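The values are calculated or read from the model by the stated rules, or taken from the named source; none is laboratory data. None of the values given here were measured: they were computed from a predicted structure. When we count neighbours, we look across all protein chains shown, and the Cβ atoms used for this are built from the backbone with ideal geometry, even at glycine.
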C-alpha cells in the first residue's frame, strides 16, 4: 500500500541522465556468450518465487542469462542506479506515481509491439493509461500481478449467524447493525498507522468517484470537493461500527484482533491476510467488494497493478531477449508459481488457481470489473493518509467541508508544476481535453 513517491519535477535530473544514456547507446551485455537481461524488482517478499523463476529460466535457455535482483528498499536503489547511469534492463515496480514519474521523464521504452499485451486484462492496461500525467502514445508497462482491497470477513462467523454478503451500501449498513445486535464487533481498524486510513478510502472511491478525477483536477475541469464528498462521508460513517478509539490501535493490532475473532469484518486489502494468519493460521477468511453504491451494478473491485514490468529506454538492441524473458514470466505455469507464493491476482487472462480468501471477489476478477487505488495518484508529500486520519478525528459539523477544501488547496500546493504542465498541454491540444484527458 505505501510507496516511496516523488513529484515529477524531482526526476528532471534522472530524465537528463536517461537521455545521456540513450546517446551513448546500450550494448549487448554478454556473459559466457549469453545476452544478460537484468531485472530489478521491488517486492523483496517475493524473492523466493523469483529465485525459483530465475533458476528455471537459466536452466532452459542457452542464449540468455537472466538475473533478477529483489533488494530491500528497491525503489531507492533503482533511483540511485538511475542517477549513476547504471540502468537495469527491466524494472518491476507498482502501478503508482513512481511509474508516472518515470514515464514523464522519458525513461521507459515503448513496448506496444510486445505480443503478450493481448493477454493482459483490459482493466489493468487502462489503469496504467490513467496513471499518465498527460496522454502518451504507446505502452510502457506490462501489468503482471495485482492485489485486491475490500472487506475481509470471518467466513465461519458468517455461516454460524446466517449473514449474507451485502451488494449495496444500505445492505452493508444493515449487516453491520445486525452484527452489533448479536453483540459482535462489526469492524476493526488500525488507524494509529495513518496509511491504513487509505484502505477504506480507496475501496469506497472506486464505486462513487470517477477513476480519472486526479487527471481532471490537474486539467482544471473538476474539483475534489465535488467528487470526493460521498467518499469522505461513507468513510466517516464506518466509525460507528468500529471498535472504540480505532486511532489507538495499529495495523498489527487490527490484524491480530480480527484473527482472534474480535470483529466479523476488516476493511483492508488482500495483503493483510498473511499478517492475520500469522496470529491465527486456522482462521477461515473470505472477502467481498466494498458495496459503496446502492446500485450494485456500479460497484467494482478495488484492484491495482501491484507488480508490472517496464523496459528501460535504450534497450532496442536487446529487445528480442527482453521479450523472451517476458514470455517466460507470463507462461501460465510460471504465473502460478508466483500466485502460490504471494496469494496475488494475475493480470493475465486465464484460468488460474486463486487463494480461497478471494472467493467472494472472483466474479469481479473474472468479469474484469476493477478500478485502481486512488492513492496511486497522490504525491507522498501531500500525506493524504494523515489528512484522512485528521478528518476522521474531527467531530465538528463542518469536518467534511474543511477536509474537502484542504484537499483541493493542498493538491494545488503539491502539484503546482505538474498542473501547469498538464494545462499547458491541453491548451496546445484542446481536442484531447475530455474528462481530464483520460
Does any residue of the stretch 220-236 turn out to be more than 24 Å from residue 399 (Cβ to Cβ) and modelled with pLDDT under 95? no
What are the pairs, 6+ residues apart or on separate chains, where a residue within the stretch 383-408 that is at negative phi has its Cβ under 8 Å from a residue that is surrounded by 14 or more Cβ atoms within 10 Å (Cβ to Cβ) and part of a loop (DSSP other than H, G, I, E, B)? 384/378; 389/191; 392/191; 402/394; 403/394; 404/228; 407/228; 408/223
Set 119, 128: member being at pLDDT 95 or above and either out of contact with any strand residue (DSSP E or B) (no Cβ under 6 Å at 6 or more places or on another chain) or more than 24 Å from residue 324 (Cα to Cα) (or both): 128
Elements of type helices (runs of 4 or more DSSP H) in the stretch 319-438, at least 2 residues being over 24 Å from residue 201 (Cα atoms) and in contact with a strand residue (DSSP E or B) (Cβ under 8 Å, 6 or more places away or on another chain): 319-329, 332-342
When residues of the stretch 126-145 are filtered for being at negative phi and in a loop (DSSP other than H, G, I, E, B), how many remain? 10
